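Here's the structure we're looking at; comments come further down.
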């Protein structure tokens, strides 16, 4: 009889609680039992482990084998426990020996193939981050090294079970060499200069990027709505180390998994309009993150906005306000971050050509009203900027003059400078200002106050709408101040917003009511 303990970690949302894999060999009829709330993939590991041990030249112990995944009340899912279970069986049957200190300082992860090879698993980044905080080493498949070294440095990788056993016998489990840092991705190939004309939508895009505001683009097919949205990530500031790790951690636990090539790049998510509420918000038996969380610190773009299911659109209201989303299932309750920049595009009418000089549109007013009513008032009220994207003239489209157009790099400089102004003043972006902060940082001068009073009645602005107009006006003023700073002109931050700032903010909100 023998007993062995091998450490690993579970994955529950964005947490990675430690799991101790206990293996006991006892007398009696040959059986193999796994306890501790194992999911189907974990229960099936007994067959993979048995074949992997046999094909790696080890003996299958006779008698009763009991594997306990502790703590027993924590759900265990995935194939990550194959390696610790196999190692525990080898240790309990004395087929290999590893110093106790090496086992105590290490954690093991990996899916076993029938020939004993180690296959990469999902969610390693979370486990690596938690293990690094506890100064523990990781032993995992070679295919997970790039992901793990983002958060951890004490890493050992192997291609198969024999490789892990050789390292363990040599006592080299904790002597991993640190991995080098991953290189950040280069600039995007999508440049704002590629968009011809569209001065007002470009201006709205810069304002949205500078203040973190949501944006709705309204225009006929082919006017450049998607082109503009796709270029938003390219003018946003680079992610810092903490933000990049947050984004990578969410991707790591998603169904798609983490890609080292995308590390440090702001996500751009553009789900199809047939996506379900579970796909957008998150869900499934394992409470997986949805598109709103996969777009955390990046952009969520919904093209053809009225074509999305009404329930899907309504489910966006809470994340747009709070920046988090709670996914609750019978056995799992998980909270994911969802602080994304929301961008949407839509046609002005069902056929898409309302207002075009060609006269193609034949939509009746009731049809147009029903089409626009697919977007509820509460959701529309949460969108800061609503901008018309008109058709580009032939002269603008074919213009090959040498006159330079605004590039993404130039816009990014403006955006970064405006964000620096906001962070110095309030420690947050203007889109996140609330309550007393609005009164403190978005005060209006006398002329702007009178103008707002008049236009609020005319445009039937709600209290939320007024607050959002004030935030956008504050961003417009900050862009002016940033331009002065970039030109090396000294000027104090204006104490109050003026009528031009407020007028532009209201103008950028009037494409659709």
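The values are calculated or read from the model by the stated rules, or taken from the named source; none is laboratory data. Only a predicted model underlies this, so the values are computations on that prediction, with no experimental measurement involved. Please note: Cβ atoms are built from the backbone with ideal geometry, for glycine as well, and neighbour counts cover all protein chains shown.
Are any residues in region 252-266 free of Cβ contacts under 8 Å to residues at least 60 places away in the same chain and either crowded, with 21+ Cβ neighbours inside 10 Å or not in a loop (DSSP other than H, G, I, E, B) (or both), and if so, which ones?
The one that is free of Cβ contacts under 8 Å to residues at least 60 places away in the same chain and either crowded, with 21+ Cβ neighbours inside 10 Å or not in a loop (DSSP other than H, G, I, E, B) (or both): 266.
Name the one entry in 260, 249, 270 that is within 29 Å of residue 216 (Cβ to Cβ) and in the same structural domain as residue 305 (by TED's automatic domain parsing). Spell out how you get there, then give the answer.
Details: 260 fails: within 29 Å of residue 216 (Cβ to Cβ); 249 fails: within 29 Å of residue 216 (Cβ to Cβ).
Unique residue meeting the criteria: 270.
Listed here are the residues, each with its yes/no results for (1) farther than 26 Å from residue 239 by Cα; (2) loosely packed, with under 15 Cβ neighbours inside 10 Å; (3) in the same structural domain as residue 235 (by TED's automatic domain parsing).
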{"residue": "275", "(1), (2), (3)": "yes, no, yes"}
{"residue": "292", "(1), (2), (3)": "no, no, yes"}
{"residue": "302", "(1), (2), (3)": "no, no, yes"}
{"residue": "305", "(1), (2), (3)": "yes, no, yes"}
{"residue": "316", "(1), (2), (3)": "no, no, yes"}
{"residue": "322", "(1), (2), (3)": "no, yes, yes"}
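Within region 417-461, how many residues are over 23 Å from residue 338 (Cβ atoms) and part of a helix (DSSP H, G or I)? Spell out how you get there, then give the answer.
First, pick out the residues of region 417-461 that are over 23 Å from residue 338 (Cβ atoms): 417-418, 420-421, 424-425, 436, 439-461.
Adding the requirement that they be part of a helix (DSSP H, G or I) leaves 417-418, 420-421, 424-425, 436, 439-441, 446-459.
Total satisfying the criteria: 24.
What residue, among those in region 421-436 that are at pLDDT below 90 and at negative phi, is surrounded by the fewest Cβ atoms within 10 Å (Cβ to Cβ)? Write out each step before concluding.
So in region 421-436, the residues at pLDDT below 90 come out as 434-436.
Right, trim to at negative phi and you get 434, 436.
Values: 434: 11, 436: 8.
Only one residue fits best here, namely 436.
Does residue 354 fit the bill of being part of a loop (DSSP other than H, G, I, E, B), within 30 Å of residue 482 (Cβ to Cβ) and either more than 24 Å from the chain's Cα centre (by Cα) or not assigned by TED's automatic domain parsing to the domain that holds residue 318 (or both)?
Numbers: part of a loop (DSSP other than H, G, I, E, B): yes; within 30 Å of residue 482 (Cβ to Cβ): no; either more than 24 Å from the chain's Cα centre (by Cα) or not assigned by TED's automatic domain parsing to the domain that holds residue 318 (or both): yes.
Here the answer is no, as residue 354 does not meet what is asked.
Please determine, by comparing only the residues of region 236-251 that are touching a helix residue (DSSP H, G or I) at 6+ places or on another chain (Cβ under 6 Å) and not in a helix (DSSP H, G or I), which one is surrounded by the fewest Cβ atoms within 10 Å (Cβ to Cβ). So that I can check it myself, show each step before the final result.
Of the residues in region 236-251, the ones touching a helix residue (DSSP H, G or I) at 6+ places or on another chain (Cβ under 6 Å) are 236-237, 248-250.
Keeping just the survivors that are not in a helix (DSSP H, G or I) gives 236-237.
On the way: 236: 22, 237: 14.
By that ranking, first place goes to 237.
Yes or no, residue by residue, for (1) over 21 Å from residue 199 (Cβ atoms); (2) surrounded by 15 or more Cβ atoms within 10 Å (Cβ to Cβ); (3) at pLDDT 90 or above; (4) not assigned by TED's automatic domain parsing to the domain that holds residue 357:
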| residue | (1), (2), (3), (4) |
| --- | --- |
| 398 | no, no, no, yes |
| 411 | no, yes, yes, no |
| 419 | yes, yes, yes, no |
| 455 | yes, yes, no, no |
| 467 | yes, yes, yes, no |
| 497 | yes, yes, no, no |
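Counting residues that are within 19 Å of residue 11 (Cβ to Cβ) and either modelled with pLDDT of 90 or more or not assigned by TED's automatic domain parsing to the domain that holds residue 480 (or both), which strands (runs of 3 or more DSSP E) fully inside region 119-235 reach at least 2?
On the way: elements: 137-141, 155-158, 215-218.
Counting at least 2 such residues, we get 137-141.
Please find, within region 94-115, the residue that is farthest from residue 20 (Cα to Cα) out of those that are surrounded by fewer than 24 Cβ atoms within 10 Å (Cβ to Cβ) and at pLDDT 95 or above.
By that ranking, first place goes to 115.
Which residues, counting only those in region 462-489, are in contact (Cβ under 8 Å) with a residue 60 or more places away in the chain and not in a helix (DSSP H, G or I)?
462
Condition test on residue 228, is it over 21 Å from residue 129 (Cα atoms) and either without any contact (Cβ under 8 Å) to a residue 24 or more places away in the chain or surrounded by fewer than 23 Cβ atoms within 10 Å (Cβ to Cβ) (or both)?
Details: over 21 Å from residue 129 (Cα atoms): yes; either without any contact (Cβ under 8 Å) to a residue 24 or more places away in the chain or surrounded by fewer than 23 Cβ atoms within 10 Å (Cβ to Cβ) (or both): no.
Criteria not met by residue 228.
Report whether or not residue 368 is touching a residue at least 12 places away in the same chain (Cβ under 8 Å), assigned by TED's automatic domain parsing to the domain that holds residue 234 and closer than 30 Å to residue 146 by Cβ.
Numbers: touching a residue at least 12 places away in the same chain (Cβ under 8 Å): yes; assigned by TED's automatic domain parsing to the domain that holds residue 234: yes; closer than 30 Å to residue 146 by Cβ: no.
No.
Considering every residue within region 500-512, establish whether at least one is within 22 Å of residue 235 (Cβ to Cβ), modelled with pLDDT of 90 or more, surrounded by 17 or more Cβ atoms within 10 Å (Cβ to Cβ) and touching a strand residue (DSSP E or B) at 6+ places or on another chain (Cβ under 8 Å).
Taking region 500-512 first, the residues within 22 Å of residue 235 (Cβ to Cβ) are 501, 504-505, 507-509, 511.
Pick out the ones that are also modelled with pLDDT of 90 or more and you get 501, 504-505, 507-508.
Among the residues that remain, those that are also surrounded by 17 or more Cβ atoms within 10 Å (Cβ to Cβ) are: 501, 504-505, 508.
With touching a strand residue (DSSP E or B) at 6+ places or on another chain (Cβ under 8 Å) added as a condition, the list becomes 508.
There is at least one residue in region 500-512 that is within 22 Å of residue 235 (Cβ to Cβ), modelled with pLDDT of 90 or more, surrounded by 17 or more Cβ atoms within 10 Å (Cβ to Cβ) and touching a strand residue (DSSP E or B) at 6+ places or on another chain (Cβ under 8 Å).
So if I check each of 246, 303, 240, which one is touching a strand residue (DSSP E or B) at 6+ places or on another chain (Cβ under 9 Å) and over 21 Å from residue 382 (Cβ atoms)? First the steps, then the outcome.
On the way: 303 fails: over 21 Å from residue 382 (Cβ atoms); 240 fails: touching a strand residue (DSSP E or B) at 6+ places or on another chain (Cβ under 9 Å).
On inspection, the qualifying residue turns out to be 246.
So is residue 332 within 18 Å of the chain's Cα centre (by Cα) and either in the same structural domain as residue 210 (by TED's automatic domain parsing) or closer than 27 Å to residue 352 by Cα (or both) or not?
Details: within 18 Å of the chain's Cα centre (by Cα): no; either in the same structural domain as residue 210 (by TED's automatic domain parsing) or closer than 27 Å to residue 352 by Cα (or both): yes.
For residue 332, the condition - within 18 Å of the chain's Cα centre (by Cα) and either in the same structural domain as residue 210 (by TED's automatic domain parsing) or closer than 27 Å to residue 352 by Cα (or both) - is not met.
Anything in region 117-155 that is under 25 Å from the mean Cα position of the chain (by Cα) and on the phi > 0 side of the Ramachandran plot? List them, or say none.
Scanning region 117-155 gives a single hit, 123.
Take residue 114 and decide whether it is part of a helix (DSSP H, G or I) and at negative phi. I'd like the intermediate steps shown before the answer.
On the way: part of a helix (DSSP H, G or I): no; at negative phi: yes.
Considered against the rule, which asks whether it is part of a helix (DSSP H, G or I) and at negative phi, residue 114 comes out as no.
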